[in-house]
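Novice: Handing you a structure now.
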Amino acid sequence: MNKLKTLMIAAATAAGALTMAGTAQATTVVCVDSAAAVCSFDGFGGGWNNVKVAKKSTATQSFALTLNAPGTLNVTISSTYLDLISLEFGGVKLTGITKGDTYTFAVTPSNTPQLLTVVMKNPKTKDYGYSAQLDFAAVPEPAAWGLMIAGFGMAGGALRRRRTPRVAIA
């Protein structure tokens, strides 16, 4: 029985390790329209700084995101002097929005880049920039949840199993 218990705990540990290994996905950010922008994104968080908008103009800038897992993308745009006109990702366009607020988009996994498009207006007589914060949260697939729950169930079952006393016959 001790061997069975050890085997069950090992199987549950392996199932948990396999479940967690599949959640990290490669994500890339490419600055398409902004040569001066400094982009960084590690697959889960990051953003860009110093995206310039010329004086007395409206700029539409696109950033290509390749997201290989389902989840949510949170976007926060901030600037002191620029006005945020619209934000678009995955076919959803938001207008009449406020800079500094966080906006959430549902992510459909894709191996091809999807564009995050930002439209900013500069009413001032000087060039100004804006920055953005991106946070991606992957959602595990149903099969991964099933493996994880089964692993916990097997481990709990192995730990709660009662040992039957053996009778020694002389």
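Novice: Going 7 Å from the Cα of N74 in the Cα-to-Cβ direction, what parts of segment 82-126 have a backbone nitrogen less than 16 Å from that spot?
Specialist: Counting only backbone N, you get 100-107.
Novice: Right, another one. Using amide H atoms built in the peptide plane, which far-off residues or other-chain residues are under 5 Å from L67 H to H?
Specialist: S110, Q114
Novice: Quick check: from the Cα gyration tensor, does segment 72-170 come out rounded (a/c under 1.5), prolate or oblate?
Specialist: Details: a/c = 6.12, a/b = 3.84, b/c = 1.59.
In terms of gyration-tensor shape, prolate.
Novice: To the nearest 0.05, how large is the calculated FRET efficiency for D83 and T112 if R₀ is 22 Å and r is the Cβ-Cβ distance?
Specialist: 0.10
Novice: With an 8 Å Cα cut-off and a minimum separation of 6 or more residues, compute the relative contact order for segment 58-113 in percent.
Specialist: 49
Novice: Run through segment 43-110 and list the trypsin sites (Lys or Arg not before Pro) located in a DSSP loop whose Cβ has at most 15 other Cβ atoms within 10 Å.
Specialist: Within segment 43-110, the qualifying trypsin sites (Lys or Arg not before Pro) (loop, at most 15 other Cβ atoms within 10 Å) are K55, K56.
All of the numbers you see were taken from the coordinates with simple rules; none came from a lab. Everything numeric in this text was worked out from a predicted model, so none of it was measured. Backbone-built Cβ (ideal geometry, glycine too); neighbour counts: all protein chains shown.
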